[in-house]
Amino acid sequence: MRVVRTVSELRDALRRARREDSTIGFVPTMGALHAGHEALMEQARRECDVVVLSIFVNPTQFNDPTDLERYPRTEEADVAAAERAGVDLVFAPFAQEMYPRGATIEVRLAGPLVDTLEGAHRGSDHFHGVTTVVAKLFNIVQPDVAYFGQKDAQQVLVVTALVRELNFPVRIQAVQTVREPDGLAMSSRNVHVQGRDRERALALKAGLDSAQATYDGGERDADAVIAASVAAMASYEVDPEYLAIVDRVTLEPLRTVEPGALVVVAAPVGPVRLIDNATIH
Ligand code: PAF
């Protein structure tokens, strides 16, 4: 496995794969790899001839400078994890390689996909940062398939729209959320959730489970299902920033809960903000 820092090194390293028409699988990350990322790398390894992982803490998608500063940076351990997962090439650029002095490009989607939920709470600049860096990474790596975690359900929809609207020849593959044994969704930010907050963090999964249980009990009114979920979270002393039941493609709020509806939740827990989601079945 090789670690490269520049676009030209990456292109050289992929030249042979491209000549031989090998399928290139791509796992974009911001590092601090955990079992969720391992699932992405492993699926890419099973499905593609060549697997590329990127590690880049993208400054343009952070609305909160403290969050950017505090974001865990663990490159040595990440490279070891990538090697174990069978990754062929790690692209770990410095910021000036991705955003050289004077760079002005920004790739923006508009509408509810970027304005609602995470977009409303973090500011739509968050998704503008994501679409800008992902568009650049897709142009740099030119993968056949790119793997994203379903935990960031809205990001999956945003990237799918990006690919559709800019005609990138890339298939977006969402990979199921990986959880700790007690149900907490894996996240790079979990390292900052300690002590009593670690128990409180279970509120998000409890809220999602409650939505399914309320639905299973026969309730179909979205407001009633949401109220039960918010109450379930309150028993962990956690107030959601949002808890919504939405269409899984458009993210429009649903009045009636139906199979396939997406339940999305975000909540501050201790020093961090956590998100999670589940599909009603
Ligand atoms: O999900 C992430 O880690 C980031 O948003 C991504 C897709 C790597 C873009 O910086």
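The values are calculated or read from the model by the stated rules, or taken from the named source; none is laboratory data. The model shown is predicted, which means the values in this text are computed figures rather than measured ones. Cβ placement follows ideal geometry from the backbone for every residue including glycine, while neighbour counts extend to all protein chains displayed. Accessible surface areas use protein heavy atoms only, side chains included; no ligands, DNA or RNA. Shrake-Rupley method; radii C 1.70, N 1.55, O 1.52, S 1.80 Å.
Taking a ≥ b ≥ c as the square roots of the eigenvalues of the Cα gyration tensor, an a/c ratio of 1.5 or more together with a/b larger than b/c marks the chain as prolate.
The apolar share of the surface of the chain, taken as the fraction of accessible area on carbon and sulfur atoms (1.4 Å probe, ligands and nucleic acids excluded), comes to 49 percent. Rounded to 0.05, the FRET efficiency of the R179 and R19 pair, given R0 = 35 Å and the Cβ-Cβ distance, is 0.30. What is the spin-label model distance, in nm, from E252 to R46 if the labels are put 7 Å beyond Cα along the C-beta direction? Between E252 and R46, the label points sit 3.5 nm apart. A simple charge model with +1 on the Cβ of Lys and Arg, -1 on the Cβ of Asp and Glu and nothing else charged puts the dipole of region 120-171 at about 60 debye relative to its Cα centre. If R0 is 25 Å, the Cβ-Cβ spacing of E237 and R70 corresponds to a FRET efficiency of close to 0.65.
Quick one: grab the alpha carbon gyration tensor of region 1-60, order the square roots of its eigenvalues as a ≥ b ≥ c, and give me rounded if a/c is under 1.5, else prolate or oblate depending on whether a/b is larger than b/c. It is oblate, given that a/c is not under 1.5 and a/b is not larger than b/c. Per residue, the chain reaches -12000 deg cm²/dmol at 222 nm when only DSSP H runs of four or more residues are counted, each adding -39500 (n - 2.57).
Candidates I226, Y215, P181 compared by Cα position along the dipole of region 155-281: farthest toward the positive end lies P181, with charges placed on Cβ. When every Cα-Cα distance of region 186-277 is counted in 10 angstrom steps from zero, the calculated P(r) takes the values 18, 49, 26, 7 percent.
Taking the charge dipole of region 1-96 about its Cα centre, with +1 at Lys and Arg Cβ atoms and -1 at Asp and Glu Cβ atoms, the residue from Q43, L10, T66 reaching farthest to the positive side is L10. Here the chain is assigned +1 on the Cβ of each Lys and Arg and -1 on the Cβ of each Asp and Glu. Its dipole about the Cα centre then comes out at about 780 debye. Applying the criteria of a DSSP loop state and at most 14 other Cβ atoms within 10 Å to the GluC sites (Glu not before Pro) of region 47-135 yields E106. Mean projected area of the convex hull spanned by the Cα atoms of region 124-165, taken over all viewing directions: 3.0 nm². Charged neighbours of V107, selected by a Cβ distance under 14 Å, balance to 0 (K, R count +1; D, E count -1). Among the trypsin sites (Lys or Arg not before Pro) in region 1-102, those placed in a DSSP loop whose Cβ has at most 15 other Cβ atoms within 10 Å are R5, R73, R101. Only Lys, Arg, Asp and Glu carry charge here, each on its Cβ (+1 for the first two, -1 for the last two); on that basis region 113-226 has a dipole of about 420 debye about its Cα centre. Derived scalar couplings between HN and Hα for region 235-243 equal 5, 9, 6, 10, 9, x, 6, 8, 9 Hz in order, rounded to whole Hz, by the Karplus curve 6.51 cos²θ - 1.76 cosθ + 1.60 (θ = phi - 60°), x for Gly and Pro. Would you please classify the overall shape of region 57-122 from the alpha carbon gyration tensor, given that a ≥ b ≥ c denote the square roots of the eigenvalues, rounded means a/c under 1.5, and beyond that prolate means a/b larger than b/c while oblate covers the rest? Cα axes put region 57-122 in the prolate bin. The order of the peptides 139-147, 161-169 by mean Cβ neighbours within 10 Å, most packed first, is 139-147, 161-169. The residues of region 96-241 expose, per residue, 47 Å² of accessible area to a 1.4 Å probe.
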